[in-house]
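Peer 1: Structure below; questions to follow.
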C-alpha cells in the first residue's frame, strides 16, 4: 500500500521516490488528519474541476469566474498558452477583458497542430462573439510566435484586429545583462517617448 | 566518453524534458543531427535561440549526451509572419529527413545561407530559395535529380513538356505538367527567368519528391500554414 502511494506521489513534478517516502512517513506518523484532508481535497478537486466551456481555463463551474463576470470587457480577448498565464496577467491588474486558453503551443515537429490546441474552439468563439481585439499573449518563444501567427491568420478571416504583447527589457533590468536577442527586439519595437510624458 | 568543445550548430527543435530540463535537437556542422539534454535550462533559455548559428559544447557517455555550454556566433535574427513559417517548415524538413549523427556540411551551409537570405529577399525569391534548399537537401540525402537530362539520358528540350516519375526522373510527355524550360532554369540557376507560374510548378514537383520520402505522415507546418 505504501509502495503504491509512493508511486502516486512520484507523479508530481520535482518529486522522486525519496521525497515521496518523506511525505508518506510524515503523514502516517505525525499528521494522519492532514493526510485524510489531502486525500479528500485531491479527490474533490480532480472530480470537480473541469475546463471552462468558453475560455477553457480550469474551473469548478461550467463558466469560470472571469467569463461569468459581466463587468469585464468582452470585446477584448487575450489568448494565452496555459491557465497559469491567466493568473499572471490577472495579478498585474491592468487587463479587464476576457481570455482564451490554448493547450500549449503549435509544434509542427511534434505533430501538435490546430486541433490539438483547441484552435477550432477559438474559431467558433470568434464566430459567435463580438470580439474587436485579439491580444496575442503566447510566450516569446519561436513556438509562441508560430502560434501567434496562426491565430493572426484566423482573426484576419473574421476581420478582427490583432495585437501582440510587447517584448523587451524587463523592468529593473540592465542592458549590460540583457541577452542580444532581447535587446534587438526591444530596439526594433521602441516607442515614441511622447506617450510617457 | 565523448567531449566536444564549441562546435558550430543550429537548434532545430526543443521540447520540455522532465521538470526543468530541455531536450534539444541540434543540427551540427561536424556531427550532423544530434539530440542533447540541457539540464536545468528551462529557466535560462533566452540565449538558446533557433535560426541562429551557435557554438555548442557537449559531453557524455550514453547515447543521450549533455549540453554543457553554448554561445551565439551570429547576429540576432528574428523571423515574423511568413518568414517564420518558411523557417519552421525548413526545420521540420531537417528534423524529419536528416538521419541521426550523419555529417551533412553542405546542407548545414545551405541552411545558414538560406536563413540569411530570407530576411532580404522578395516573396518570389524566398520561394525559389526554399526550392533550392529542398533540392540541396534531397541531393545530399541521395535523392538528387539531374535537371538537364530526361529519364533516357537525352538533354531536356525547352520546347517540350515533362512529367516527373519516381525512380525514373523526367519523362517527356505531350500532356506533361512541367515545361522543359523550367527545368533548364533550375539547372542554370537563372531565377530571373522564373515566373510565378513556374514557381508553382516547382513547388508541386518538390512536394511530390518529398512525399515519396516522407511517407504517409504529412508535414505539419505545411498543413498549418499552406492551405493550398
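No lab work stands behind these numbers, since they all come straight from the coordinates. None of these values were measured; they are calculated from a predicted model. In this analysis, Cβ positions are derived from the backbone assuming ideal geometry, glycine residues included, and neighbour counts consider all displayed protein chains.
Peer 1: Could you list, in sequence order, all residues of the stretch B:80-97 that are part of a helix (DSSP H, G or I) and either under 13 Å from residue A:143 (Cα atoms) or within 7 Å of another protein chain (Cβ to nearest Cβ) (or both)?
Peer 2: Passing the criteria: B:81, B:84, B:85, B:87, B:88, B:89, B:91, B:92, B:95.
Peer 1: To continue, here is another question. Can you find a residue in the stretch A:99-117 that is under 17 Å from the mean Cα position of the chain (by Cα), part of a helix (DSSP H, G or I) and more than 14 Å from chain B (Cβ to nearest Cβ)?
Peer 2: No, the stretch A:99-117 contains no residue that is under 17 Å from the mean Cα position of the chain (by Cα), part of a helix (DSSP H, G or I) and more than 14 Å from chain B (Cβ to nearest Cβ).
Peer 1: Sort out which residues of the stretch A:123-138 are touching a strand residue (DSSP E or B) at 6+ places or on another chain (Cβ under 9 Å) and within 14 Å of chain B (Cβ to nearest Cβ), and write them in order of number.
Peer 2: A:136, A:138
Peer 1: With respect to the numbered conditions (1) part of a loop (DSSP other than H, G, I, E, B); (2) over 27 Å from residue B:15 (Cβ atoms); (3) within 11 Å of chain B (Cβ to nearest Cβ), which one is the sole condition not fulfilled by residue A:187?
Peer 2: (1)
Peer 1: Can you say whether residue B:57 is touching a residue at least 12 places away in the same chain (Cβ under 8 Å) and within 12 Å of chain A (Cβ to nearest Cβ), as far as the supplied structure shows?
Peer 2: no
Peer 1: Right, here's the next one. Any residue in the stretch A:12-25 that is surrounded by fewer than 16 Cβ atoms within 10 Å (Cβ to Cβ) sitting within a Cβ distance under 7 Å of a residue that is in a loop (DSSP other than H, G, I, E, B)? List the pairs, counting only those 6 or more apart or interchain.
Peer 2: So the pair list comes out as A:13/B:19; A:14/B:19; A:16/A:10; A:17/A:10.
Peer 1: For residue B:192, which of the numbered conditions (1) surrounded by 12 or more Cβ atoms within 10 Å (Cβ to Cβ); (2) assigned to a helix (DSSP H, G or I); (3) away from every other protein chain (no Cβ under 14 Å) fails to hold?
Peer 2: (1)
Peer 1: Among the residues of the stretch B:170-182, are any farther than 19 Å from residue B:148 by Cβ and in contact with a helix residue (DSSP H, G or I) (Cβ under 8 Å, 6 or more places away or on another chain)?
Peer 2: Checked against the condition, which is being farther than 19 Å from residue B:148 by Cβ and in contact with a helix residue (DSSP H, G or I) (Cβ under 8 Å, 6 or more places away or on another chain), the stretch B:170-182 yields no hits at all.
Peer 1: Please find, within the stretch A:156-183, the residue that is farthest from the other protein chains (Cβ to nearest Cβ) out of those that are in a helix (DSSP H, G or I) and in contact with a helix residue (DSSP H, G or I) (Cβ under 7 Å, 6 or more places away or on another chain).
Peer 2: It comes out as A:175.
Peer 1: Restricting attention to the stretch B:172-189, which residues are exposed (fewer than 12 other Cβ atoms within 10 Å of the Cβ) and within 15 Å of residue B:161 (Cα to Cα)?
Peer 2: B:174, B:175
Peer 1: So, one more: Any residue in the stretch A:63-82 that is within 14 Å of chain B (Cβ to nearest Cβ) and either within 14 Å of the chain's Cα centre (by Cα) or crowded, with 16+ Cβ neighbours inside 10 Å (or both)?
Peer 2: yes
Peer 1: Next question. Scan the stretch A:138-155 and tell me whether some residue there is over 19 Å from residue B:80 (Cβ atoms), in contact with a helix residue (DSSP H, G or I) (Cβ under 7 Å, 6 or more places away or on another chain) and surrounded by 12 or more Cβ atoms within 10 Å (Cβ to Cβ).
Peer 2: No, every residue in the stretch A:138-155 fails to be over 19 Å from residue B:80 (Cβ atoms), in contact with a helix residue (DSSP H, G or I) (Cβ under 7 Å, 6 or more places away or on another chain) and surrounded by 12 or more Cβ atoms within 10 Å (Cβ to Cβ).
This table checks each residue for (1) within 14 Å of chain A (Cβ to nearest Cβ); (2) under 29 Å from residue B:131 (Cβ atoms); (3) buried (at least 20 other Cβ atoms within 10 Å of the Cβ); (4) touching a helix residue (DSSP H, G or I) at 6+ places or on another chain (Cβ under 6 Å).
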position	(1), (2), (3), (4)
B:26	yes, yes, yes, no
B:33	yes, yes, yes, no
B:49	yes, yes, yes, yes
B:77	yes, yes, no, no
B:99	no, yes, no, no
B:103	no, yes, no, no
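Peer 1: Does the stretch B:135-146 contain at least one residue that is touching a strand residue (DSSP E or B) at 6+ places or on another chain (Cβ under 8 Å) and assigned to a strand (DSSP E or B)?
Peer 2: no
Peer 1: If I filter the stretch B:200-225 down to residues being outside any helix (DSSP H, G or I) and within 11 Å of chain A (Cβ to nearest Cβ), which single residue comes out as surrounded by the most Cβ atoms within 10 Å (Cβ to Cβ)?
Peer 2: B:219
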